[in-house]
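One structure is given below, encoded as structure tokens.
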Amino acid sequence: MQHHHQILTKPDANGALNVCACGDINGQERSSGPNMPLSDFQITENTSIFFDLRGGPSHTFKGGVLLNGIVPHFIPLDASAMKPAPFKYVAATSLAQALALKAEYGDDAKFLAGGQSLMPAMNFRLAQPAILIDINGIEDLAGIHPSGATTRVGPLTRYRALQRDEAFAGMFPLIDEALPHIAHPQIRNRGTIGGNLSHADPASELPAIAVALRARFRVQTAKQERWVEASDFFVGALTTDLKPDEMLVEIELPRVKPRTGACFMEIARRRGDFAIAGVAVMTTLGERGECTGVRLAFCGVGETPIDASSAADALIGHQPAQTTIIDVAKAAQAMIDPGGSVHATADYQRHIAGVLTERALRTAQRRARDGH
């Protein structure tokens with residue numbers, strides 16, 4: 001049986017596409033060529049149209065699953081395909097200046113914070129902004145600020161700063177447990193929480209955690225600001241509720257209730273890779289050990305983080321039992337619709353999500369009971 005699929009990867013300097021020629025299981029190459037013009041490229045269900053910037057085809061989008069079992073033959077890219085298109089560069093010295101430039105250029109402007117997703121996309125010419133607004137010099141956009149019932153985190157705060165802040169780790173153990181799963185140390189040294197959330201990668205850990213924590217985001221233009229619930233912020237793959245002239249300027253995290261246990265788990269091909277499936281769980285117990293609240297969110301199994309907290313309603317008011325936890329895991333599985341990929345079929349993703357949910361619920365319950 002022969003297969004013939006093409007992966008849209010990235011345009012070269014002339015706007016042509018470098019196509020992966022995929023053969024059958026015997027390795028027979030079947031491709032229409034390495035430089036198919038974009039106008040001639042037909043997107044079908046057999047086409048994986050999203051390229052994983054860490055080195056492979058999409059891990060979440062439909063169509064990738066059809067490539068399972070196929071031996072790909074990647075055609076080398078011309079060196080010019082790894083250079084960004086021409087752009088203007090401005091190092092903003094204030095938030096007002098950055099927002100004024102965003103108001104002027106709209107979607108043609110991109111903010112540069114850590115650049116860990118933006119710069120590869122620009123090199124591949126998947127992103128071609130007319131102007132790059134560097135916000136690294138705006139010190140007010142970085143930092144962790146506890147304030148009463150909430151903690152506010154600046155969007156320019158690096159992952160590494162969150163990891164090194166022991167007080168923050170104590171207040172938000174769910175985030176602390178998830179941070180080592182995010183890419184690799186070099187990326188965590190530069191990557192920012194605001195950039196991660198604004199990028200809205202479907203397999204990213206922080207969007208799902210923000211949903212589980214019931215975080216709120218303050219977004220701002222040159223003229224006004226508004227607050228957006230995390231559950232409303234992520235509207236699609238790599239798509240948020242941000243308007244063309246807006247910036248995410250603050251993340252607000254509500255204080256975690258006493259007697260709450262948290263757990264984050266994920267499965268990836270290897271450490272630092274995108275999640276095949278991940279789950280964030282928070283369980284709160286009452287004085288008699290009964291469950292008084294559960295927050296449950298998935299990453300990697302849909303085009304947005306999935307809030308599956310309602311699947312745990314059966315636990316509320318009861319001592320969590322093994323049979324009930326299994327039922328909750330099954331209910332959570334029914335709430336997701338993974339797309340599958342070259343790395344995992346949809347059925348495998350759904351199975352893994354259920355297994356992780358069961359384990360994470362038990363772990364969060366134990367931590368809540370033991371005070372960890």
What pairs come out if I take residues in the stretch 223-244 that are closer than 21 Å to ALA121 by Cα and assigned by TED's automatic domain parsing to the domain that holds ALA130 and pair them with residues that are assigned to a loop (DSSP other than H, G, I, E, B) and of a type in the set (D, E, K, R) whose C-beta lies under 9 Å away, six or more apart or interchain? none
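Being of a type in the set (D, E, K, R), outside the structural domain of TRP227 (by TED's automatic domain parsing) and modelled with pLDDT of 95 or more, is that true of even one residue in the stretch 169-180?
Checked against the condition, which is being of a type in the set (D, E, K, R), outside the structural domain of TRP227 (by TED's automatic domain parsing) and modelled with pLDDT of 95 or more, the stretch 169-180 yields no hits at all.
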When ALA130 is evaluated against the numbered criteria (1) crowded, with 17+ Cβ neighbours inside 10 Å; (2) outside the structural domain of LEU197 (by TED's automatic domain parsing), which criterion, by number, is the only one it fails? (1)
Considering the stretch 288-327, residues that are aliphatic (A, V, I, L, M) and under 24 Å from the mean Cα position of the chain (by Cα), and then whichever is surrounded by the fewest Cβ atoms within 10 Å (Cβ to Cβ), we arrive at ALA311
Selected residue (only one of LYS83, LYS102 is among the basic types (Lys, Arg) and surrounded by fewer than 16 Cβ atoms within 10 Å (Cβ to Cβ)): LYS83
The stretch 332-361 residues that are crowded, with 23+ Cβ neighbours inside 10 Å, paired with ones that are part of a helix (DSSP H, G or I) and hydroxyl-bearing (Ser, Thr, Tyr) (beta carbon under 6 Å, 6 or more apart): ALA332/THR357
Taking into account only those residues within the stretch 140-172 that are surrounded by fewer than 18 Cβ atoms within 10 Å (Cβ to Cβ), among the charged types (D, E, K, R) and in contact with a Gly (Cβ under 9 Å, 6 or more places away or on another chain), which is farthest from ILE209 (Cα to Cα)? ASP140
Sole miss for ALA121 among (1) modelled with pLDDT under 95; (2) of a type outside the set (Val, Ile, Thr); (3) under 25 Å from ALA262 (Cβ atoms) is condition (3)
Any chance ALA183 is under 24 Å from ASP273 (Cβ atoms), not in a helix (DSSP H, G or I) and not aromatic (Phe, Trp, Tyr): yes
Quick check: is even one residue across the stretch 312-319 charged (D, E, K, R) and either within 22 Å of ALA237 (Cβ to Cβ) or at pLDDT below 95 (or both)? no
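The values are calculated or read from the model by the stated rules, or taken from the named source; none is laboratory data. From a predicted model like this one, the values you see are computed outputs, not experimental measurements. No Cβ is skipped: glycine too gets one built from the backbone with ideal geometry, and neighbour counts run over all protein chains shown.
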